[in-house]
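K.L.:
Sharing a structure below in structure tokens format, with a few things to ask.
The values are calculated or read from the model by the stated rules, or taken from the named source; none is laboratory data. Keep in mind that what you see is a predicted model, and the values were worked out from it rather than measured. Glycine also receives a Cβ, built like all others from the backbone with ideal geometry; neighbour counts cover every protein chain displayed.
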Amino acid sequence: MLAAIRSAAVLGIDAYEVTVEVDVALGLPNWFIVGLAANAVKESRERVSAALINAGFSVPPRRITTNLAPADIRKEGTAFDLPIALGVLVGIGVISAESVERCVVVGELGLDASIRPVRGALSIARQVAASNRGGDTILILPPTNVREASLVRHLQLAAPSSLGELVAWLRRGRLPLPNLRADVAPEVDELDLADVAGQEAAKRALAIAAAGSHGVLLVGPPGAGKTMLARRLPTILPALTDAEALEVTAIHSVAGMLDAAAGAVTRRPFRAPHHSVSTAGLVGGGSSPRPGEVSLAHHGVLFLDELLEFPRSVLEALRQPMEDGTVTIARAAASLRFPARFALAAAMNPCPCGHAGDPTRPCICAAAEVTRYRGRLSGPLADRIDLHVHVPPVALARLSTRDTGVNSAAIRACVEEARLRQRLRYASDSACNARAPGRWLEAHGGLDPSARQLLTSAGERLHLSARAFHRVLRVARTIADLDGDESIHTPHVAEAVGYRPRNAEAEPARGLALA
């Protein structure tokens, strides 16, 4: 008997429909799986066989052929275990074909017939909802994946804990609704910018970076507080919008990094890979392409500590996603696209010994060593970082004082007000100044004549590229938003220009202090 069970698979961060066809026929006992199945899919024969036996079902010796259609797309993962098992049960007459005709089924089976979580449940739920024209389709999935799938509205869900429970439901013709109680405690910030003594100029730069989603490079000697500052950047970031939260959750689900208890990512991502990361680990890829760190940081921050310790080839791979906001991974069979709209935060020493420009300790590096060290950061990549900030060492007397300045909550309130102005300006919930077209800002960004003249003269004096010119303009627009000004004035442009590197080797520029 032939059975057809609707299922789905993930390709990139999107899902597509798969029909699992199972034919149970007379012949020598054997089991074939066709349809470009990867090893993990082929191994489902053993998992499904053991699960059926341990669930109390007797499978007669038959020739079983399973086809995964469309057969010209390679199938990965373990999500086909459950639909294959249902197809076998329909084929041997345990359940009727009519009981599963309205169902889309995904799930991995344990040998004890328990149903285990799969990757990409949110992407699958979105695909099922988009193709659910009649509104009567039921998505059957593991209980652990219910929270993320429930983010898609107007979609019926069912989440049995085992194969035997699902079969009992189908025989009764009733699939109960899953339990969606919200019992996750809210996250509380443990870090605060008030923990950092001094460094008012760096805090100002972080506020600008958070308000406009700009990239920031912190340059200073060891122990100055660069890493401490960068790790507190998430505490001043605005909350994710609903649309952004869906995108970020889908990426983390596909990568298998979603917290099952939370069900959804509610805070902007902050990713901090080690400098030993590979190019595929940073931008994505591999034999079975997965999202890299730049995609996991989508709508958030990618922090690269000890920037110049990363291999130059790895750093150069950042140039295209920083410019386009996407990563395209081309393979012979398909081309996958992963979103990567992140803000880069990085920290580096000014020289190999770390004390170039330090008034308290002399630098022991030769000039050639310093040039070679700074040359690891190419000019084109440095050009794409909006804010270059010098972080000087803090005096020990300053560390002993209790006056640490403004806390994260106060800065975040200013950042959220600035983001609100940007959403109204660009008529988009996800828009920010860092992604605004430069020509549009020149015409409609409120640049007054004196500020325009200063920007032009500074660009000529510093030999700014066209990209750097527009990046200065975007930073100036963000500074004006933080100050609550509709127009960009001369002080805004002057401060923005102060954050540009002074030469091709990315010599650190001293940012202006907090007003």
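K.L.:
Exactly one of these conditions fails for Asp324: (1) in contact with a Leu (Cβ under 9 Å, 6 or more places away or on another chain); (2) at pLDDT below 95. Give me its number.
P.N.:
That leaves (1) as the condition not met.
K.L.:
Something else: Restrict the check to region 23-41 and report whether at least one residue is closer than 30 Å to Pro289 by Cβ, out of contact with any Asp or Glu (no Cβ under 7 Å at 6 or more places or on another chain) and not hydrophobic (A, V, I, L, M, F, W, C).
P.N.:
Yes, some residue in region 23-41 is closer than 30 Å to Pro289 by Cβ, out of contact with any Asp or Glu (no Cβ under 7 Å at 6 or more places or on another chain) and not hydrophobic (A, V, I, L, M, F, W, C).
K.L.:
While we're looking at this one, here's another question. May I ask you to list the residues in region 41-62 that are farther than 17 Å from Val90 by Cα, free of Cβ contacts under 8 Å to residues at least 40 places away in the same chain and surrounded by 17 or more Cβ atoms within 10 Å (Cβ to Cβ)?
P.N.:
Val41 - this is the single residue of region 41-62 that is farther than 17 Å from Val90 by Cα, free of Cβ contacts under 8 Å to residues at least 40 places away in the same chain and surrounded by 17 or more Cβ atoms within 10 Å (Cβ to Cβ).
K.L.:
Among the helices (runs of 4 or more DSSP H) lying completely within region 390-485, list those that include at least 3 residues that are among the small types (Gly, Ala, Ser). Spell out how you get there, then give the answer.
P.N.:
Working: elements: 396-399, 408-426, 438-444, 449-462, 466-482.
The helices (runs of 4 or more DSSP H) meeting that bar are 408-426, 449-462, 466-482.
K.L.:
Out of (1) more than 19 Å from Arg267 (Cα to Cα); (2) out of contact with any Lys or Arg (no Cβ under 9 Å at 6 or more places or on another chain), what's the single condition that is false for Glu190?
P.N.:
Unmet condition: (1).
K.L.:
Separate question: Restricting attention to region 63-116, which residues are touching an Asp or Glu at 6+ places or on another chain (Cβ under 9 Å), of a type in the set (Ser, Thr, Tyr) and surrounded by fewer than 19 Cβ atoms within 10 Å (Cβ to Cβ)?
P.N.:
Within region 63-116, just Thr65 meets the criteria.
K.L.:
Within region 246-270, work out how many residues are in contact (Cβ under 8 Å) with a residue 24 or more places away in the chain and more than 15 Å from Pro339 (Cα to Cα).
P.N.:
12
K.L.:
While we're on this one: Within the bounds of region 337-347, is there any residue that is within 30 Å of Ala15 (Cα to Cα), surrounded by fewer than 19 Cβ atoms within 10 Å (Cβ to Cβ) and of a type outside the set (Val, Ile, Thr)? Show your work before the answer.
P.N.:
Within region 337-347, the first condition is being within 30 Å of Ala15 (Cα to Cα), and the residues that meet it are 337-344.
Applying the additional criterion that residues be surrounded by fewer than 19 Cβ atoms within 10 Å (Cβ to Cβ) yields 337.
Of the ones still in play, those that are also of a type outside the set (Val, Ile, Thr) are 337.
Within region 337-347, one or more residues are within 30 Å of Ala15 (Cα to Cα), surrounded by fewer than 19 Cβ atoms within 10 Å (Cβ to Cβ) and of a type outside the set (Val, Ile, Thr).
K.L.:
Also: Could you check region 62-85 and list, in sequence order, the residues that are part of a loop (DSSP other than H, G, I, E, B), under 36 Å from the mean Cα position of the chain (by Cα) and either outside the structural domain of Val48 (by TED's automatic domain parsing) or among the basic types (Lys, Arg) (or both)? Can you show your working first?
P.N.:
First pass over region 62-85, keeping only residues part of a loop (DSSP other than H, G, I, E, B): 62, 70-74, 76-80.
Still in the running and under 36 Å from the mean Cα position of the chain (by Cα): 70-74, 76-80.
Across region 62-85, the qualifying residue is only Arg74.
K.L.:
Got a number for residues in region 318-373 being free of Cβ contacts under 8 Å to residues at least 60 places away in the same chain and assigned to a helix (DSSP H, G or I)?
P.N.:
Within region 318-373, residues that are free of Cβ contacts under 8 Å to residues at least 60 places away in the same chain and assigned to a helix (DSSP H, G or I) number 8.
K.L.:
Continuing with this model, one more query. Do you know which of the residues in region 271-308 that are among the hydrophobic types (A, V, I, L, M, F, W, C) and free of Cβ contacts under 8 Å to residues at least 40 places away in the same chain is farthest from Ser430 (Cα to Cα)? I'd like the intermediate steps shown before the answer.
P.N.:
So the first thing to find is which residues in region 271-308 are among the hydrophobic types (A, V, I, L, M, F, W, C), and the list is 272, 277, 280, 282-283, 294, 296-297, 301-304, 307-308.
Narrowing further to those that are free of Cβ contacts under 8 Å to residues at least 40 places away in the same chain: 277, 280, 282.
Working: Val277: 29, Ala280: 27, Leu282: 24 Å.
Checking each candidate, the answer is Val277.
K.L.:
Scan region 86-117 residue by residue and report those that are under 28 Å from the mean Cα position of the chain (by Cα) and under 20 Å from Asn67 (Cβ atoms).
P.N.:
To start, the set of residues in region 86-117 that are under 28 Å from the mean Cα position of the chain (by Cα) comprises 104-108, 115-117.
Val104, Val105, Val106, Gly107, Glu108 - these are the residues of region 86-117 that are under 28 Å from the mean Cα position of the chain (by Cα) and under 20 Å from Asn67 (Cβ atoms).
Results for (1) touching a residue at least 60 places away in the same chain (Cβ under 8 Å); (2) in the same structural domain as Pro339 (by TED's automatic domain parsing); (3) buried (at least 18 other Cβ atoms within 10 Å of the Cβ); (4) on the phi > 0 side of the Ramachandran plot, shown as yes or no for each residue.
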{"site": "Ser123", "(1), (2), (3), (4)": "yes, no, yes, no"}
{"site": "Gln127", "(1), (2), (3), (4)": "yes, no, yes, no"}
{"site": "Gly135", "(1), (2), (3), (4)": "no, no, no, yes"}
{"site": "Leu139", "(1), (2), (3), (4)": "no, no, yes, no"}
{"site": "Asn145", "(1), (2), (3), (4)": "yes, no, yes, no"}
{"site": "Glu148", "(1), (2), (3), (4)": "yes, no, yes, no"}
{"site": "His154", "(1), (2), (3), (4)": "no, no, no, yes"}
{"site": "Leu157", "(1), (2), (3), (4)": "no, no, yes, no"}
{"site": "Pro160", "(1), (2), (3), (4)": "no, no, yes, no"}
